[in-house]
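Inspection log for the structure reproduced underneath, given as structure tokens.
The values are calculated or read from the model by the stated rules, or taken from the named source; none is laboratory data. Here the structure is a predicted model, which means the values were calculated and not measured. Here the Cβ is made from the backbone with ideal geometry for all residues, glycine too, and neighbour counts use every protein chain on show. With ligands, DNA and RNA removed, areas are computed over all heavy atoms of the protein, side chains included. Shrake-Rupley method; radii C 1.70, N 1.55, O 1.52, S 1.80 Å.
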Amino acid sequence: MPDTVKYPIPNLPVSNRPKLVILGGGFAGLKLARKMVNSEYQVILLDKNNYHQFQPLFYQVATAALEPSAISFPLRKIFHHTPNVTFRMAEALELDQDNKRLYTNVGYIDFDYLVMAMGADTNYFGMKNIMEHSTPMKTVSEALYIRNRIISNYEKAINIADVEKRKSMMNVVIVGGGPTGVELAGAIAELRNNVFPKDYPELNFQNMRVVLAEAGPKLLAGMSTEASDKAVVYLDKLGVEIMVNAAVEDYDGLTIKIKDHEGLQTQTLLWAAGVKPNHIKGLREDQMIPNGRLKVDEYNALIDSQGIYVVGDLCIQTDEDYPRGHPQVAQVAIQQADNLSKNLKAIADNRPQIRFKYKDLGSMATVGRSLAVVDLPFVKFQGFAAWITWLFVHLMAIVGVKNRIFIFLDWAWNYLSFDPSLRLLIRPRYVKPKEKEELVEDK
């Protein structure tokens, strides 16, 4: 460990309140921290970034429809005038469960209660070449990289005379037929159909293939058959090539090998095929299942631990309705955080705790401009009405009134003009090796 972990994190407020450390500023961690404002606890929120990222709209940053600042919100600003909540930008390294101490890259912190809400990262299923050559989309940085990658390819392609050599540079292949893959494929197809021909009139965009490959038998596997079928119809109209039962086996940066299918050539493979939990040292094998999710009880307490809780994608919690655990979606994380906030307050007041019970509020995905599919518990619908519903739900979930206004204006302009103005290739300057860890995010 670096020398910094030998000392406590400096400049934290001194308090006699029970110390609650929340690790992760995503949907679950942020929800919990906001619920604990003015509570009986001293709350320390830790995250490796100093902003909250609204993940459902990453694909719009990747396709130049929204600017990164519209879906990112400074964590410090959220907790202005909240004396019992403190934020520190820090990366967790190791957990000492017995001594209730968390080690980070800026020092250690002792806790009375720890809530782990680190979420999940891209799962490459052990395929090293895929990890090396494909591009994931789990952070704003990765979404920006995708935007740069696509725009850079076309700027290069327009200077290549050989049509055949241009094709792999223009093709885009998305792997993973969940909401992220479907939304990415639709957005890229719309750029191909309506925007890029105006930017690059010398290129023939009939040569550009947008392919969506799914290893399973259908798209949007977690949604209804009606939603899946309609998504196929919408994507087909946009000119997206859909491949199901298409398990990607390898990729060398140019050629994709797909089981029982012909290979594809592309220099842009976007990987949206799965997630795996983020981990730190100090967690025991008996506390997790084979895929890495941590076992928790009905109150989200980590099994065989004291004062440690896990919420969101990182945990596995089973009950009669979900014998294999809850889906790894934002609503589960938010509801678990909300329930845990009530239980932590109950602990402080010596009241009984409440068991977590997930309420499925439905799921939705947008498939291109003004089209979406929505599955609610009481009704399923598709088309323009579904898109309006999707827009409203996501707009209300964004942190900050200012961000909502910016996103609404961006969406309104893009809808009316169909010409987003964010197609800028802004490449980071070379970073000195000694500054790389501080200024560059690892893949």
Under 1.5 on a/c is rounded, so check that first for the range 208-299, then, if it is not, pick prolate when a/b is larger than b/c and oblate when it is not; a ≥ b ≥ c are the square roots of the alpha carbon gyration tensor eigenvalues. oblate
Stretch Arg76-Asp229 to full length: gain in nm at 0.36 nm per residue minus the Cα-Cα span? 50.8 nm
Using a Cα-Cα cut-off of under 20 Å, which aspartates and glutamates could be cross-linked to Lys100, ignoring same-chain neighbours fewer than 8 residues away? Asp3, Glu40, Asp47, Glu91, Asp110, Asp112, Glu285, Asp286, Asp297, Asp304
Enter the accessible area per residue of the chain (Å², integer; probe 1.4 Å; all protein chains in place). 50
Sorted by mean Cβ packing within 10 Å, highest first, what order do the peptides 105-115, 10-20, 245-255 take? 105-115, 245-255, 10-20
Write down the percent of antiparallel bridges among all DSSP beta bridges whose residues are both part of the chain, to the nearest 5. 50
Cut-off under 5 Å, modelled amide H: who pairs with Asp250 long-range: Lys257
Using a cut-off of 13 Å between beta-carbons, work out the net charge of the residues near Gly119 (Lys and Arg +1, Asp and Glu -1, Gly119 not included). +2
How many percent of the accessible area of the range 1-160 is carbon or sulfur, using a 1.4 Å probe? 47
Of the candidate values (i) 28.0; (ii) 25.7; (iii) 23.3, the one computed for Kirkwood radius over Cα pairs in Å from this structure is (iii)
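Beyond a 21 Å Cα-Cα separation, which of these cross-linked pairs lie in this structure: Lys295/Lys357; Lys48/Lys276; Lys237/Lys259; Lys128/Lys257?
Details: Lys295/Lys357 16 Å; Lys48/Lys276 18 Å; Lys237/Lys259 26 Å; Lys128/Lys257 14 Å.
Checking Cα-Cα distances, Lys237/Lys259 exceed 21 Å.
When Lys and Arg each count +1 and Asp and Glu each count -1, what net charge do the other residues less than 15 Å away from Pro277, Cβ to Cβ, add up to?
Details: positive: Lys138, Lys276, Lys281, Arg284, Arg293, Lys295; negative: Asp121, Glu285, Asp313.
Within the 15 Å Cβ shell, the charges total +3.
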Proximal aspartates and glutamates relative to Lys380, as straight alpha-carbon distance under 16 Å, when same-chain residues fewer than 8 apart are discounted: Glu226, Asp229, Asp360
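Applying a 10 Å radius around every beta-carbon, put 89-97, 287-295, 208-216, 36-44 in order of their mean neighbour count, most first.
Numbers: 89-97: 18.1, 287-295: 15.9, 208-216: 22.2, 36-44: 19.7.
Put in order of decreasing packing, that is 208-216, 36-44, 89-97, 287-295.
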Taking His81, His326 and ranking on accessible area (1.4 Å, protein atoms only), highest first, one gets His81, His326
Cα-based Rg and Dmax for the range 277-336, where Dmax is the largest Cα-Cα distance (Å): 10.9, 32
With all protein chains in place and a 1.4 Å probe, Lys380 shows an accessible area in Å² (nearest 10) of 100
Of all DSSP beta bridges in the range 1-129, antiparallel share, percent nearest 5: 40
With Cα coordinates, the longest principal axis of the chain makes an angle with the long axis of helix 330-348, in degrees rounded to 10, of 10
In sequence order, what are the phi-derived ³J(HN,Hα) couplings for the range 116-129 according to the Karplus relation 6.51 cos²θ - 1.76 cosθ + 1.60 with θ = phi - 60°, rounded to whole Hz, with x for glycine and proline? 8, 9, 7, x, 10, 10, 5, 10, 9, 6, x, 8, 5, 5
Using helices alone, what [θ] at 222 nm do you get for the chain, with -39,500 (n - 2.57) per DSSP H run of 4 or more residues, divided over all residues and rounded to the nearest 500? -9000 deg cm²/dmol
Hey, what angle do you get for helix 401-417 against the long axis of the chain, alpha-carbon based, 0 to 90 degrees rounded to 10? 10
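Can you pull the percent of the range 321-361's accessible area that's carbon plus sulfur, 1.4 Å probe, other chains left in place? Provide the component values of the computation, followed by the final result.
Values: 1200 of 2420 Å².
Carbon and sulfur: 49 percent of the exposed surface of the range 321-361.
Just want to confirm a number: the relative contact order over the range 127-285, from Cα pairs under 8 angstrom separated by 6+ residues, in percent. Before the final figure, lay out each step's value.
On the way: 250 pairs, mean separation 50.7, N = 159.
Computed over the range 127-285, the figure is 32 percent.
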Taking Cα atoms, how many degrees apart are the long axis of helix 384-397 and the longest axis of the chain, rounded to 10 and kept between 0 and 90? 40
Compute the separation of the alpha-carbon centres of the range 5-31 and the range 186-236 and state it in Å as a whole number. 43
